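Structure first, commentary second.
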Amino acid sequence: MDGKITRDMINDLIKAVVAINDETTCESFFKDIFTATELEQFAQRLRAAKLLLEGQTYAKIIAQTDISSATLSRVSNCVHRGSGGYAAVLKGVDGENKN
């Protein structure tokens, strides 16, 4: 952690996100907590992760999302060597979309 940002602050954010139980509240919270650009960047990274997990090439992902190659590389590293967060979240999203 850097300076005044504490683990407790991170934990509070995680608890806040976990406590959200509907899309309307989630959208409102995200619009309040993130700038429009930050929200777009998070959405772009999540879509890139989904496409990576589907086996898409870097070129196709960049064409579809307009993500930079540097950011795509970081997302790819997380998808393939990270803690599994992208895959777990996307599995939940895909599971909900199929119902």
Discussion item. Just checking, does region 4-24 include any residue being within 13 Å of the chain's Cα centre (by Cα), open to solvent by 60 Å² or more (accessible area, probe 1.4 Å) and of a type outside the set (Val, Ile, Thr)?
Written reply: no
Worksheet, complete the sentence: Residue pairs qualifying under the 6 Å Cβ cut-off, at least six apart or on distinct chains, with the first in region 29-41 being aliphatic (A, V, I, L, M) and the second being open to solvent by less than 70 Å² (accessible area, probe 1.4 Å), are Leu39/Phe30
Worksheet item: Name the pairs: first residue in region 75-99 and loosely packed, with under 11 Cβ neighbours inside 10 Å, second residue modelled with pLDDT of 85 or more, Cβ to Cβ under 7 Å, at least 6 apart or on different chains?
Response: none
Worksheet, complete the sentence: Taking region 37-67 and keeping residues loosely packed, with under 13 Cβ neighbours inside 10 Å and among the hydroxyl-bearing types (Ser, Thr, Tyr) leaves Thr37, Thr57
Worksheet item: Does any residue in region 1-24 that is without any contact (Cβ under 8 Å) to a residue 60 or more places away in the chain come within less than 9 Å, Cβ to Cβ, of a residue that is among the charged types (D, E, K, R) six or more places away or on a different chain, and which pairs are these?
Response: Met1/Arg7
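The values are calculated or read from the model by the stated rules, or taken from the named source; none is laboratory data. Source: prediction; values computed, not measured. Note: ideal-geometry Cβ built from the backbone for every residue, glycine included; neighbour counts use all protein chains shown. Keep in mind that these areas ignore ligands, DNA and RNA; they rest on the heavy atoms of the full protein, side chains included. Shrake-Rupley method; radii C 1.70, N 1.55, O 1.52, S 1.80 Å.
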